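To keep things clear, I will list the structure first and then write my remarks on it.
The values are calculated or read from the model by the stated rules, or taken from the named source; none is laboratory data. Note that the structure is predicted; figures quoted are calculated from it, not measured. Glycine gets a Cβ as well: all are built from the backbone with ideal geometry, and neighbour counts include every protein chain shown.
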């Protein structure tokens, strides 16, 4: 074999090897990208699952709910940094307590408007209902007893269409009556407007859930947080829009996505549009697209090499009216 033939063989081998290496690099990069995209899609699905479930539950059991005189709305929205930042969503609802501490009661009949007493069907001198007329401990706190330590109770209509919170101020076991006063913020005794067979249950402080969704941005990657706990990684943006019924005809006639909601608008929410933008944890060669516009958050003008997926879903909260 001559030197020229050897050089030709080496050159051909080099070309072949370069092709093999290029194919390997391309395949490896494609595999890494697909793996990252699959992880990103899983993160987006996880974020969507939590958000959609909680938004749908917004307002459950808290019609006209007040906390120390301040109205607690089913949905509260903060536009954070406006067009240059993510949104923050607060969702409020009641959570059924697995350990109610007291047995449930039922209202015997609708109460007169001025009455401070509610008569129930159950005999409050017989176990287990007698617990209402005695001192009891719930989550380490003692209620009832002498002198009587009042506690919160929640009353719910027989068809589940509404529920409200009141304070139980005294229990008359010998006549099966509950004395009550309005919960903070009410102008009258809500319990008096409920029909017979409405249920009355003890309401612990842990029954009320306030869920805050926010997004923190760090080192090019985001984490979706639910009450400070991580829900999903690599969420690049979180944006919301709210469909309002402004003329009480049960039809959404306007949408807001670019500012905080007013108190009036919070009561007009009928639809919530959720936008979740996922991204890969690192850049990949061959990807060249800027972050897109999502609601009022304007698109990035400079392209980068991150892979992205935008998920959008419109949810109807079941308990808003």
key: Of all residues in the stretch 273-294 being under 18 Å from residue 243 (Cα atoms) and in contact with a helix residue (DSSP H, G or I) (Cβ under 9 Å, 6 or more places away or on another chain), the one that is surrounded by the most Cβ atoms within 10 Å (Cβ to Cβ)   = 276
ask   = Within the stretch 183-217, restricting attention to residues that are modelled with pLDDT under 60 and within 18 Å of residue 113 (Cβ to Cβ), which residue is surrounded by the fewest Cβ atoms within 10 Å (Cβ to Cβ)?
value = 187
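Does residue 269 meet the test of being closer than 25 Å to residue 92 by Cβ and in contact with a helix residue (DSSP H, G or I) (Cβ under 8 Å, 6 or more places away or on another chain)?
Details: closer than 25 Å to residue 92 by Cβ: yes; in contact with a helix residue (DSSP H, G or I) (Cβ under 8 Å, 6 or more places away or on another chain): no.
So residue 269 does not fit the description; no.
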query = Taking the stated definitions as given, is residue 73 surrounded by fewer than 15 Cβ atoms within 10 Å (Cβ to Cβ) and either at pLDDT 80 or above or assigned by TED's automatic domain parsing to the domain that holds residue 222 (or both)?
reply = no
Top-ranked residue in the stretch 97-107 [being outside any strand (DSSP E or B) and surrounded by 16 or more Cβ atoms within 10 Å (Cβ to Cβ); ranked as modelled with the lowest pLDDT] = 97
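One line per residue, one yes/no per condition, for (1) touching a residue at least 40 places away in the same chain (Cβ under 8 Å); (2) not in a helix (DSSP H, G or I):
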residue	(1), (2)
265	no, no
272	yes, yes
275	no, yes
278	yes, yes
283	no, yes
291	yes, yes
299	no, yes
302	no, yes
310	no, yes
request  = Kindly indicate whether residue 278 is at pLDDT below 85 and under 22 Å from the mean Cα position of the chain (by Cα).
outcome  = no
query = Of the residues 258, 249, which single one is more than 14 Å from residue 87 (Cβ to Cβ), out of contact with any strand residue (DSSP E or B) (no Cβ under 7 Å at 6 or more places or on another chain) and either touching a residue at least 24 places away in the same chain (Cβ under 8 Å) or not in a strand (DSSP E or B) (or both)?
reply = 249
